[in-house]
Amino acid sequence: MSASWAATDSHSLAESRVTAFLLEQAAGLGRDIGVTVHPASARLPDCIDPQPFLTNPGQRLYGRVSVGLRCGEQGQQTRYLQASVSVLVEHVVVARDIDAGSLITADDLMLEEARLERLPRHALLGIDDALGMTAARPLRAGTTLQTHYLRRPELVSRGAHVTVTAHGAGFSISRKAKALDSGALGDAVRLSTDNGEQLVATVTGPDQLKITL
């Protein structure tokens, strides 16, 4: 009987430490966080003084999560457990129909609550992340907004005559050129000058590019 109670206490300790560990790890994701630790599929020896750790530091901290346990004073044994983490978050939803190519404004969007683990992997969680972007496809009201539904607005069009400014130590020179590519803010675009020289410059604004020497 005492051995049975000891095993139960050991498993309870492991579960409680894994729960506390995951609650701390997921604290910044949202609110109303819930953790369910799944029992190991095989009967294993007791884990003395379990110390939880993430098996993959880059893994997401919601939904199904894998957790390691170092057992013993020196951590000479390692166990693995599975847990489910549920987090309540706000996510961005389309408030009214949006045509493809339209510029996204705050009036087009609203926030709704949902469980993070049930949302699409690329769902947007903040309205500011969508403002100033354009719709890559028609969006119906009520759609959960995802990153691949958006694109940065085109500031330079292929074939357009643009201004490119070269910046160096203590000087800058501007000249006209023709864009050989289209591009959004921060994109690298090929240019052709009047004398046939080809350059690559970075888009900084509407029909404005720069080269840093």
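What about ARG115, is it within 30 Å of TYR149 (Cα to Cα), of a type in the set (Lys, Arg) and either surrounded by 15 or more Cβ atoms within 10 Å (Cβ to Cβ) or modelled with pLDDT under 90 (or both)? Here the answer is yes, as ARG115 does meet what is asked.
Yes/no per residue for (1) among the β-branched types (Val, Ile, Thr); (2) loosely packed, with under 13 Cβ neighbours inside 10 Å; (3) more than 30 Å from GLY30 (Cβ to Cβ):
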position: ARG121; (1), (2), (3): no, yes, no
position: LEU145; (1), (2), (3): no, no, no
position: GLY159; (1), (2), (3): no, yes, yes
position: GLY168; (1), (2), (3): no, yes, yes
position: SER182; (1), (2), (3): no, no, yes
position: LYS210; (1), (2), (3): no, no, yes
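Please work out if LEU88 is touching a helix residue (DSSP H, G or I) at 6+ places or on another chain (Cβ under 8 Å) and part of a strand (DSSP E or B). Against the criterion (touching a helix residue (DSSP H, G or I) at 6+ places or on another chain (Cβ under 8 Å) and part of a strand (DSSP E or B)), LEU88 qualifies.
Restricting GLY75, GLY68 to those that are assigned to a strand (DSSP E or B), modelled with pLDDT under 95 and open to solvent by less than 30 Å² (accessible area, probe 1.4 Å) reduces the list to GLY68.
Rundown of residues vs (1) open to solvent by less than 80 Å² (accessible area, probe 1.4 Å); (2) under 25 Å from ARG121 (Cβ atoms); (3) of a type outside the set (D, E, K, R); (4) not in a helix (DSSP H, G or I), yes/no style:
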| position | (1), (2), (3), (4) |
| --- | --- |
| PHE21 | yes, yes, yes, no |
| GLU24 | no, yes, no, no |
| LEU29 | yes, yes, yes, yes |
| ASP32 | no, yes, no, yes |
| VAL35 | yes, yes, yes, yes |
| ASP46 | yes, no, no, yes |
| PHE53 | yes, yes, yes, yes |
| PRO57 | no, yes, yes, yes |
| LEU61 | yes, yes, yes, yes |
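In this structure, THR143 qualifies as in contact (Cβ under 8 Å) with a residue 24 or more places away in the chain, closer than 29 Å to VAL92 by Cα and polar (S, T, N, Q).
If the condition is being touching a Ser or Thr at 6+ places or on another chain (Cβ under 7 Å) and either touching a residue at least 40 places away in the same chain (Cβ under 8 Å) or over 10 Å from ASP108 (Cβ atoms) (or both), then region 121-140 contributes HIS122, ALA123, LEU124, THR134.
The values are calculated or read from the model by the stated rules, or taken from the named source; none is laboratory data. Everything numeric in this text was worked out from a predicted model, so none of it was measured. So basically every Cβ, Gly included, is an ideal-geometry build from the backbone, and we count neighbours across all protein chains shown. Just so you know, the surface numbers come from the protein's heavy atoms only, side chains and all, with ligands and any DNA or RNA stripped out. Shrake-Rupley method; radii C 1.70, N 1.55, O 1.52, S 1.80 Å.
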